[in-house]
Amino acid sequence: MEYSLKIRKKEGRDEVFDHIRRKWLVLTPEERVRQQLILYLLNVKQVPLTHISVERAITVNGLTRRYDLVVYGLDMKPQMVVECKAPEVKITQEVVEQAGRYNKTLHAPVLGVTNGKEHFFFSIDFETEQITRLEF
């Protein structure tokens, strides 16, 4: 998944425009992955802009944490939680568990992790506690 990001140079560094937050951000490797995923959701999956939330604070086990990306359904309940990592960060069980901890608060039926090269998405049935890997 590779989409054309809106990038500019400012004060010697690259910045990328975030369509969700409507502002320019420093273009780190992780931010590139996050912005590529946002463009995929907007352009391919046709998720409305207003149904995507990026880097918001939530309380997890009494601690304040920031999730990377949440997609909301028409009922505005979380439908998908995604943890984004830089391409050089390997997707490990620890990364999946990090996203899972965020989802204990959000209760989205889909959980995902990506580093832009590897993508792992899972369907979660909270009643049966069944987890199924999804194709991305």
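When you scan region 1-17, do you find a residue that is among the hydrophobic types (A, V, I, L, M, F, W, C), at pLDDT below 95 and exposed (fewer than 13 other Cβ atoms within 10 Å of the Cβ), even just one? No, that holds for no residue.
So which residues in region 104-124 are of a type outside the set (A, V, I, L, M) and open to solvent by less than 70 Å² (accessible area, probe 1.4 Å)? Matches in region 104-124: T105, P109, G112, T114, N115, G116, E118, H119, F120, F121, F122, S123.
For region 94-103, check the following and say yes or no: at least one residue is closer than 17 Å to R34 by Cβ, in contact (Cβ under 8 Å) with a residue 40 or more places away in the chain and either buried (at least 19 other Cβ atoms within 10 Å of the Cβ) or aliphatic (A, V, I, L, M) (or both). Yes, that holds for at least one residue. Residues of region 81-122 that are modelled with pLDDT under 95, more than 12 Å from the chain's Cα centre (by Cα) and small (G, A, S): G100 alone.
Taking the conditions exactly as written (open to solvent by less than 60 Å² (accessible area, probe 1.4 Å), among the aliphatic types (A, V, I, L, M) and assigned to a loop (DSSP other than H, G, I, E, B)), does I38 satisfy them or not? Against the criterion (open to solvent by less than 60 Å² (accessible area, probe 1.4 Å), among the aliphatic types (A, V, I, L, M) and assigned to a loop (DSSP other than H, G, I, E, B)), I38 does not qualify. In the set (1) in contact (Cβ under 8 Å) with a residue 40 or more places away in the chain; (2) within 14 Å of the chain's Cα centre (by Cα), T28 fails one condition alone, (2). Among the residues of region 63-93, those identified as more than 21 Å from Q36 (Cα to Cα) and assigned to a strand (DSSP E or B) are L63, T64, R65.
Any idea which of R13, R34 is of a type outside the set (V, I, T), touching a residue at least 40 places away in the same chain (Cβ under 8 Å) and out of contact with any helix residue (DSSP H, G or I) (no Cβ under 7 Å at 6 or more places or on another chain)? It would help to see each step written out before you state the result.
Working: R13 fails: touching a residue at least 40 places away in the same chain (Cβ under 8 Å).
The unique qualifying residue is R34.
Comparison of E31, E55 shows that the only residue that is on the phi > 0 side of the Ramachandran plot and surrounded by 11 or more Cβ atoms within 10 Å (Cβ to Cβ) is E55. Taking residues in region 75-88 that are open to solvent by 40 Å² or more (accessible area, probe 1.4 Å), and partners anywhere that are of a type in the set (G, A, S), the pairs with Cβ atoms closer than 7 Å and at least 6 places apart or on different chains are Q79/G73; Q79/A108; P87/G116.
The values are calculated or read from the model by the stated rules, or taken from the named source; none is laboratory data. Here the structure is a predicted model, which means the values were calculated and not measured. Cβ coordinates were reconstructed from backbone atoms using ideal geometry, including for glycine residues, and neighbour counts include every protein chain displayed. Side chains included, ligands, DNA and RNA excluded: accessible areas come from the protein's heavy atoms. Shrake-Rupley method; radii C 1.70, N 1.55, O 1.52, S 1.80 Å.
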